[in-house]
Amino acid sequence: MRILVLSDVHANLVALEAVLADAGRVDDVWSIGDVVGYGPRPRECVEMVRILTPNVSVIGNHDWACIGRLSLEDFNPVARFASYWTTTQLAAEHLQYLESLPNRVMDREWTVVHGSPRHPIWEYIYNARVAALNFPAFDTRLCLVGHTHVPLFIREDEALANASPHHPGDDTVVDLSSGRFIINPGSVGQPRDGDPRAAYAIFEPDDARLTFRRVTYDVAHTQSQMRDEGLPESLVSRIAVGV
Ligand code: ZN
């Protein structure tokens with residue numbers, strides 16, 4: 001079983017297509033939320049994710065904003081503008097799909113949430129202290145999160161010892177056979193770890209293994225789509241440097 005794990009696509013269709021091509025044959029695709037927001041192709045990304053992720057797909061804060069579940073006042077002005085623009089691009093069927101997404105999906109072995117198991121929509125897990133506070137908030141061996149746009153993994157004993165989380169590079173393989181883990185695959189559409197390449201993960205539960213992946217995509221193509229749609233220049237420029 002080979003599962004493609006996507007997070008924070010953020011309406012970047014060019015990056016999503018590059019990830020799908022790079023991942024090769026997979027048995028399932030999971031989405032950790034924020035399919036829309038910031039990027040220029042929300043309709044297409046919602047339609048693709050809806051088809052690709054029939055089993056595991058959770059909602060993120062930007063998806064929430066588009067269906068009116070949170071006030072746009074909670075966003076900075078640039079994110080607010082992009083969120084408002086996104087809402088104008090989505091048809092009723094897209095909004096209904098986002099409405100239908102749960103904020104948590106779990107199985108016997110794993111939990112999937114956008115932010116954190118304590119606060120699925122809003123909390124960022126970016127250090128050992130926050131991770132340690134979150135391990136008691138889920139019962140499974142693995143919790144997959146997104147939201148920070150920074151690839152990360154940390155084992156429970158490391159979090160409790162206040163060790164730094166691991167920030168994996170391309171092709172880093174995590175052995176999940178012992179211990180409990182919180183893992184963030186990074187962002188497909190708007191990486192923020194200084195590496196502009198699209199980030200994703202391949203989860204192989206039968207082998208207790210997860211592989212972090214990066215893939216180059218045509219950033220300039222997405223940027224020209226963003227400019228054509230009148231999206232803020234600060235959002236256009238940041239994807240070229242991955243911040
Ligand atoms: Zn996001």
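Kindly indicate the residue of the range 18-49 that is among the charged types (D, E, K, R) and in contact (Cβ under 8 Å) with a residue 40 or more places away in the chain and also nearest to the ligand (Cβ to nearest atom) among those meeting that condition.
If we take residues in the range 18-49 being among the charged types (D, E, K, R) and in contact (Cβ under 8 Å) with a residue 40 or more places away in the chain, then Asp34 is nearest to the ligand (Cβ to nearest atom).
In this entry, Ala91 passes the filter for residues that are of a type outside the set (Val, Ile, Thr) and away from the ligand (no atom under 16 Å from the Cβ). Considering the range 125-142, the residues that are closer than 17 Å to Ser178 by Cα and assigned to a loop (DSSP other than H, G, I, E, B) include one that is nearest to the ligand (Cβ to nearest atom), namely Phe138. Within the range 1-17, the residues that satisfy the criterion of being away from the ligand (no atom under 15 Å from the Cβ) and in a helix (DSSP H, G or I) are Leu13, Val14, Glu17. Being open to solvent by less than 10 Å² (accessible area, probe 1.4 Å) and among the hydroxyl-bearing types (Ser, Thr, Tyr) holds for only one residue in Ser71, Ser7, and it is Ser7. Residue check: Ala65 meets all listed conditions (1) in contact (Cβ under 8 Å) with a residue 40 or more places away in the chain; (2) farther than 24 Å from Arg141 by Cβ but one, namely (1). Looking across the range 143-157 at every residue that is open to solvent by 10 Å² or more (accessible area, probe 1.4 Å) and outside any loop (DSSP other than H, G, I, E, B), the one that is farthest from Val112 (Cα to Cα) is identified as Asp157. Annotation note: Cβ proximity below 8 Å between a residue of the range 100-112 that is assigned to a loop (DSSP other than H, G, I, E, B) and a residue that is among the small types (Gly, Ala, Ser) and open to solvent by less than 30 Å² (accessible area, probe 1.4 Å) (sequence gap 6+ or interchain) occurs for Leu101/Gly33; Leu101/Ser57. Consider the range 94-120 and keep the residues that are charged (D, E, K, R) and out of contact with any helix residue (DSSP H, G or I) (no Cβ under 6 Å at 6 or more places or on another chain). The one that is nearest to the ligand (Cβ to nearest atom) is Arg104. Scanning the range 21-46 for residues that are over 21 Å from Tyr97 (Cα atoms) and either part of a helix (DSSP H, G or I) or open to solvent by less than 10 Å² (accessible area, probe 1.4 Å) (or both) returns Ala21, Asp22, Ala23. Could you count how many residues in the range 83-130 are open to solvent by 40 Å² or more (accessible area, probe 1.4 Å) and more than 24 Å from Asn12 (Cβ to Cβ)? Result for the range 83-130: 9. Filtered by the rule that a residue be open to solvent by 50 Å² or more (accessible area, probe 1.4 Å), of a type in the set (Gly, Ala, Ser) and touching a Ser or Thr at 6+ places or on another chain (Cβ under 6 Å), the range 188-243 gives no residues.
Among the conditions (1) away from the ligand (no atom under 15 Å from the Cβ); (2) without any contact (Cβ under 8 Å) to a residue 40 or more places away in the chain; (3) open to solvent by 60 Å² or more (accessible area, probe 1.4 Å), Arg80 misses just one, which is (1). Comparison of Val78, Val49 shows that the only residue that is assigned to a helix (DSSP H, G or I) and within 15 Å of the chain's Cα centre (by Cα) is Val49.
The set of residues in the range 160-173 that are closer than 19 Å to Ala208 by Cβ and buried (at least 19 other Cβ atoms within 10 Å of the Cβ) contains only Pro168. For the range 178-187, a tally of residues being in contact with a strand residue (DSSP E or B) (Cβ under 8 Å, 6 or more places away or on another chain) and either open to solvent by 50 Å² or more (accessible area, probe 1.4 Å) or in a loop (DSSP other than H, G, I, E, B) (or both) returns 5.
The values are calculated or read from the model by the stated rules, or taken from the named source; none is laboratory data. Please read all numbers here as calculations on a predicted model, not as lab measurements. Positions of Cβ are backbone-derived with ideal geometry, glycine not excepted, and every protein chain shown enters the neighbour counts. Only protein heavy atoms, including side chains, enter the accessible area calculation; ligands, DNA and RNA are left aside. Shrake-Rupley method; radii C 1.70, N 1.55, O 1.52, S 1.80 Å.
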